[in-house]
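Everything on this sheet refers to the single structure shown next.
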Amino acid sequence: MKKQTNNDCIFCKIIAGEIPAAKLWEDEKFFIFLDQSPINPGHTLVIPKKHADYLFDLNEKEYAELMLKAKEVAKVLKKKMDCKRVGMAVEGFFVPHVHVHLVPENKGNELNPERAKPMTPEELNKIKERILK
């Protein structure tokens with residue numbers, strides 16, 4: 001994925017370091033960070049550094065790489081957050097930049113955005129430390 005940004009995109013600004021985020025990992029293609037209004041603690045976003053508005057506009061290689069990265073991160077989250085499963089959602093209406101939500105879950109119906117609650121930077125940092133241990 002070549003790097004391409006949108007100056008008006010909040011996720012592009014996070015990638016550029018213009019807006020703070022509880023970053024977990026980063027490589028040349030992806031930026032992974034905690035959602036500041038998580039559905040459950042450990043709710044993580046996996047975003048490509050290349051700006052794209054819609055998941056299905058990615059080419060096959062980009063799509064596959066994103067899903068494989070999400071799978072890799074989900075395995076870590078499952079272990080570190082001690083949950084039964086990690087749910088995944090992709091919608092992109094509120095932030096028009098492709099992003100995968102990974103949400104630690106322990107029972108059904110937890111993957112509901114109406115359950116999201118803001119966390120303070122201190123709360124996010126505690127979860128970040130737990131995941132990165």
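The values are calculated or read from the model by the stated rules, or taken from the named source; none is laboratory data. No experiment lies behind these values; they were computed from the predicted model shown. Because the Cβ atoms are built from the backbone with ideal geometry, glycine has one as well, and the counts that use them run over all protein chains shown.
Give the residue, chosen from Lys84, Lys29, Lys78, that is charged (D, E, K, R) and under 16 Å from Ile127 (Cα atoms). After applying the criteria, what remains is Lys78.
Among the residues making up the range 116-130, those that are among the aliphatic types (A, V, I, L, M) and either assigned to a helix (DSSP H, G or I) or free of Cβ contacts under 8 Å to residues at least 24 places away in the same chain (or both) are Leu124, Ile127.
Scan the range 44-62 for residues that are surrounded by fewer than 18 Cβ atoms within 10 Å (Cβ to Cβ) and closer than 16 Å to Leu102 by Cα and the total you get is 1. Number of residues in the range 7-31 that are of a type outside the set (Lys, Arg) and either in contact with a helix residue (DSSP H, G or I) (Cβ under 7 Å, 6 or more places away or on another chain) or part of a loop (DSSP other than H, G, I, E, B) (or both) equals 15.
For (1) surrounded by 16 or more Cβ atoms within 10 Å (Cβ to Cβ); (2) in a helix (DSSP H, G or I); (3) modelled with pLDDT of 95 or more; (4) not small (Gly, Ala, Ser), each residue gets a yes or a no:
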position	(1), (2), (3), (4)
Thr5	no, no, no, yes
Phe33	yes, no, yes, yes
Lys75	no, yes, yes, yes
Cys83	yes, no, yes, yes
Gly87	yes, no, yes, no
Glu91	no, no, no, yes
His101	yes, no, yes, yes
Glu114	no, yes, no, yes
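Beta carbons closer than 7 Å, at least 6 apart along the sequence or on distinct chains, pair a first residue in the range 6-34 that is in contact (Cβ under 8 Å) with a residue 40 or more places away in the chain and within 18 Å of Lys133 (Cα to Cα) with a second that is of a type in the set (Gly, Ala, Ser) and part of a loop (DSSP other than H, G, I, E, B) for Leu34/Ala22.
Looking only at residues that are in a helix (DSSP H, G or I) and of a type in the set (Gly, Ala, Ser) in the range 52-73, which one is farthest from Lys128 (Cα to Cα)?
Residues of the range 52-73 in a helix (DSSP H, G or I): 55-57, 60-73.
Subsequent filtering for residues that are of a type in the set (Gly, Ala, Ser) retains 64, 70.
Details: Ala64: 26, Ala70: 17 Å.
Filtering first and then ranking leaves Ala64.
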